[in-house]
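Remarks on the structure that follows.
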Amino acid sequence: MLADPVYPFVLPPLPYAASGNEPHVDAQTMELHHDRHHAAYVANLNAAVKDHAQVAAMPLSAMLAKMGELPDAIRTAVRNNGGGHANHSMFWPVMGGSGGEPTGEVGAAIARDFTSFAQMKDGFGKAGLGQFGSGWVMVLVDEGGKLSLMARPNQDSPLMDGKRVLFGNDVWEHAYYLKYQNRRADYLAAWWNVVNWPAVNERYQAAMGKRLAI
Ligand code: MN3
């Protein structure tokens, strides 16, 4: 999402039908993942900050960037649920596409920074597979447009380190277990078929213009 979410946080609707990523990501997984898991992060984040006016006044990117300054009583809740809200708000719009080769400036940046799309997918897959337990694998974009890979545990977000995510994939079991069971590698490989490269290019343009909030 390009805009910076503010309190009271709301669950953004899926930008396509729950079946929009079939057969690679099944509709039931999408419904549960969006309507239950993401919704819970939003509800829990609202509950955590509602009695902390100074924190509630911050947009989500600032809450995550200033994690160390948050009150002890709510820091873990904001980390888990604010991170979850940011990660999933990024995630839905970069799916729903038709995959294929990356296009536009993102295609050029991938070729420049990873040698080739095939090399990037290989590194992304290894990072996603190597993330023990729950977490995310992401491509980061710096202020100069340079791309890099990062895996993070749980709902930790690179925004907590002042970094920006170009796109990423959720490797929590809730993202794939109904269809792929324990075969995370198969899910990671299939996911490329639903990546929305035009949407990723929009995020890249926003990052270049310092307009990419989360
Ligand atoms: Mn998830």
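For A18, what is the net charge nearby, where nearby means another residue's Cβ is under 14 Å from its Cβ and Lys, Arg count +1, Asp, Glu -1? Computed value for this residue: -2. Computed from the Cβ-Cβ distance with R0 of 35 Å, the FRET efficiency linking N154 to T115 stands at 0.70. With viscosity 1.567 mPa s and temperature 4 °C, the Kirkwood radius over alpha carbon pairs of region 68-146 converts through Stokes-Einstein to a diffusion coefficient of 86 µm²/s.
Once the mean 1/r over all distinct Cα pairs of the chain is inverted, what Kirkwood radius in angstroms do you read off? Can you show the working numbers first?
Working: mean 1/r = 0.0577 Å⁻¹.
Result for the chain stands at 17.3 Å.
Cross-link check: pairs K66/K121; K50/K163; K179/K210 evaluated at a Cα-Cα cut-off of 28 Å; pairs beyond the cut-off: K66/K121; K179/K210.
Across the options S98, L149, S134, the greatest Cα extent toward the positive end of the charge dipole of the chain (unit charges at beta carbon of Lys, Arg, Asp, Glu) belongs to L149. Taking the three principal axes of the alpha carbon atoms in region 170-214, the coordinate ranges are 40, 19, 13 Å, sorted in descending order. Within region 113-199, all pairs of alpha-carbon atoms sorted by distance into 5 Å bins from zero give the percentages 3, 14, 25, 26, 19, 10, 3, 0. A simple count of charges around D142, restricted to other residues whose Cβ falls under 11 Å of its Cβ and scoring Lys, Arg +1 and Asp, Glu -1, yields +1.
When +1 charges are put on Lys and Arg Cβ atoms and -1 charges on Asp and Glu Cβ atoms, the dipole computed for region 1-89 relative to its Cα centre reaches about 260 debye. F114 sits among other residues whose Cβ lies under 15 Å from its own Cβ, and their net charge, with Lys and Arg +1 and Asp and Glu -1, is -1.
Over region 54-112, the reciprocal of the mean inverse Cα-Cα separation, the Kirkwood hydrodynamic radius, stands at 13.9 Å.
Residues F132, F117, ordered by accessible area of protein heavy atoms at a 1.4 angstrom probe radius and largest first, appear as F132, F117. Pairwise Cα distances in region 1-97 exceed 17 Å for 49 percent of all pairs.
Angle of helix 39-49 to the longest C-alpha principal axis of the chain, folded into 0 to 90 degrees and rounded to 10: 30°.
Rounded to 0.05, the FRET efficiency of the V6 and S134 pair, given R0 = 35 Å and the Cβ-Cβ distance, is 0.85. Projection of the Cα convex hull of region 9-64, averaged over all directions and equal to a quarter of that hull's surface, yields 4.3 nm².
Per residue, the chain reaches -11500 deg cm²/dmol at 222 nm when only DSSP H runs of four or more residues are counted, each adding -39500 (n - 2.57).
The values are calculated or read from the model by the stated rules, or taken from the named source; none is laboratory data. This structure is a prediction, so every number in the text was calculated from the model and none was measured. Note that each Cβ is placed from the backbone with ideal geometry, even for glycine, and that neighbours are counted across all protein chains shown. These area figures cover heavy atoms from the full protein model, side chains too; ligands, DNA and RNA do not enter into them. Shrake-Rupley method; radii C 1.70, N 1.55, O 1.52, S 1.80 Å.
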